[in-house]
1. Using the charge dipole of the stretch 131-255 (Lys, Arg: +1 at Cβ; Asp, Glu: -1 at Cβ; taken about the Cα centre), state which of GLN212, LEU138, HIS246 has its Cα farthest towards the positive end.
2. If DNA, RNA and ligands are ignored and the probe is 1.4 Å, what is the ranking of SER317, SER4 by accessible area, most exposed first?
3. In percent, what relative contact order does the chain have, based on Cα pairs under 8 Å that are 6 or more apart in sequence?
4. For PHE92, PHE637, write out the residues from largest to smallest accessible area, computed with a 1.4 angstrom probe and no ligands counted.
5. In deg cm²/dmol, rounded to 500, what helix-only [θ] at 222 nm does the chain give when every DSSP H run of at least 4 residues adds -39500 (n - 2.57) and the total is split over its residues?
6. Where a ≥ b ≥ c are the square roots of the eigenvalues of the C-alpha gyration tensor, would you call the stretch 419-519 rounded, which needs a/c under 1.5, or, failing that, prolate if a/b is larger than b/c, or oblate?
7. Classify the stretch 132-212 as rounded, prolate or oblate, taking a ≥ b ≥ c as the square roots of the eigenvalues of its Cα gyration tensor: rounded when a/c is under 1.5, otherwise prolate if a/b is larger than b/c and oblate if not.
8. So for the pair ILE46, ASP353, with labels modelled 7 Å out along Cα→Cβ, what separation do we get in nm?
Amino acid sequence: MAHSLYIVGLEPGSGKSLVALGIMELASRRVRKIGYFRPVIPSTEIPDKKIQLIDSRYHLESAYEEMYAVAHDDAQAMVSKGSSEALLKEIFNKYKALESKCQFVLCEGTDFSGLSSAFEFDFNADVAANLGCPLLVLVNGRHKTTDDIVGTVDLARESFENKGCSIAATIVNRVAPRQREAVASRFADRPGESGPVYLLPEIDVLGKPTVQEVAAALQARIIRGTPEGLHRTVQDFKVAAMSFPHFLDHVADGDLVITPGDRSDVILASMAAALSDTSPSIAGLLLTGDQPPAPQVMDLVEGFRASSPIPIIGVPSDTYSTAMQVASVPPALTPGNDRKIAAALGGFETHVDLKQLEERIKLVRSERVTPIMFEYELIGKAKADRRHIVLPEGEEDRILHAAEILLQRDVVDLTLLGDPEAINAKIALLDLHLDGIQIIEPATSERRHEFAGIYHELRKHKGVSKEMALDTVADVSYFGTLMVNAGLADGMVSGAVHTTGDTIRPALEIIRTPPGVSLVSSVFLMCLADRVLVYGDCAVNPDPSAEQLADIAISSAATAQMFGIAPRIAMCSYSTGASGKGQDVDKVREATAIAHEKKPELKIEGPIQYDAAVDAGVAKTKLPESEVAGQATVFIFPDLNTGNNLYKAVQRSANAVAIGPVLQGLNKPVNDLSRGCKVTDIVNTVAITAVQAQTD
């Protein structure tokens, strides 16, 4: 059984980082302890960018020093001295030390920097064979004919097999769309001893640097720029050495404008053009000559801050030298660039048969659900049965960034609510790709009167007139909820700019609870270092009765199962078993009995203290016969005061990620965001809502 995989590229620019991300994503869904290893890195003086990329995304348990063997110069010195065998032994020993701590290790081969292609081919083959890793062979298909691609693949596979390597699969990256069918047909009838051949297309956003990457390569000073602005793609660069009217004739969308820092006319005109619907949307401004703009100009530029994301960076070099340097900046996948990472993963997951590849490398599943496994299993579940989610806050930047990631990864279908003109302007300003996304303005929608009639029928007993209903359904939260109620969307996510009440109230009035469920409640999915726990209710019900507490426990168990967490329910209190008395502990004891009666198949214990629920040593003393004590996964708190304080204490003290609140108990899923939520929080909540909709 293979516990490792070795990615080997045949030339520079093959796209090893893209493939490494795809394999790590696949492994993270199946394996708890994963490792990443590079036999040779460029230098020990500067942190390796590829290790940083993988470690920052997958939070590996290994130390940085454990993830590589030697630096490039040291490896070259050992080879030149005839110590190749000693080099292989050093790599082998470092790899084995890492492998002993992991269930799966992904190795990424060398970068063809300073060594001959023939030497690197032999070196990677020898390393992979000695480590016992099957190979994933990566071929760069850019600017190659179909015959060239097929010949390269055949030669590479034959050569590696002659060196004693086993091949799990071959990936041809950056294949032109017009070639795809012809290349695929040439491999369709081949025998499968050397594994399948997958074809990945050229992904435009990955083939261009961002403003941030240009700034890093030139060691530029960031004069002005948000994280989103600095991640704008540089399609090309233009030197602004002419008057502004003539300059406008030459500049295009995505250009990085290079100009001396004292060209106030170009600076202000470029910022103004970024706000114009009739002018190109530039990627950013690069000011040369170490000449800061005049203070009066910067005062005007600061006035653009809220309305324009155009970044400004500066370098001390002259304009000509700077342009030459910019032309040589390579594109890269870097930590924090969620947009490029999403595009890379979307391309990999769309064009690679993940089940087939998983079988080839024989990944093993882990019984324990870790945060990384949970997050990526969540995305996988959402994609498996695609659903339609409505986002009422369509004009909010974070919602739009999350929408792009969700669409790039093909997770869900989306509808944005709001003014289409304002939303499309914001999409263009943020340089996002949301082509084809549905946008609806509730106030002018053809369904407004239909929804008003539905809402009037539901609420007329509360004194809601037809006129009031017509006004109410123009609100984005009510319109989105009515879309879910009518089956036009499978779920709704809101709350980035609206209050919890704005999100939940329409759901309670329109969607309501199913028979047998007495209330809507919530859970937080608490991602600790080595496990995911479910906490409820920490957001909705201030002081539930025993009957309601039992319903919360039953709903929370169902939510846990929905996301692959085996429910072992702890009904938390200030005492364990029969040791305590009092009104509060009696409520928990009664709730436990009610839940047992309603769902006898559930593993549930209560009342129980938190330490007895989570710590096996304490559990052995207090409740030695319990199936839940010491291994609880679902924690039900007696009231909102306890639950809300405890989840926040664990979140801050244990550096845990709290996903939620996830609402439960509604006929159809609606979920609330924190107004301080990040883009990643929105992506996760939308995926959670999609999975809830699948279950419904």
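1. Of GLN212, LEU138, HIS246, it is GLN212.
2. SER317, SER4
3. 11 percent.
4. PHE92, PHE637
5. So the calculated ellipticity at 222 nm is -13500 deg cm²/dmol.
6. Since a/c reaches 1.5 and a/b is larger than b/c, the shape of the stretch 419-519 is classed as prolate.
7. Oblate shape, in that a/c is at least 1.5 and b/c is the bigger or equal ratio.
8. For the pair ILE46/ASP353, the computed spacing is 4.1 nm.
The values are calculated or read from the model by the stated rules, or taken from the named source; none is laboratory data. All values reported here derive from a predicted model rather than from experimental measurement. All Cβ positions, glycine included, derive from the backbone under ideal geometry; neighbour counts span all protein chains shown. Heavy atoms of the whole protein, side chains included, go into the accessibility calculation; ligands, DNA and RNA do not. Shrake-Rupley method; radii C 1.70, N 1.55, O 1.52, S 1.80 Å.
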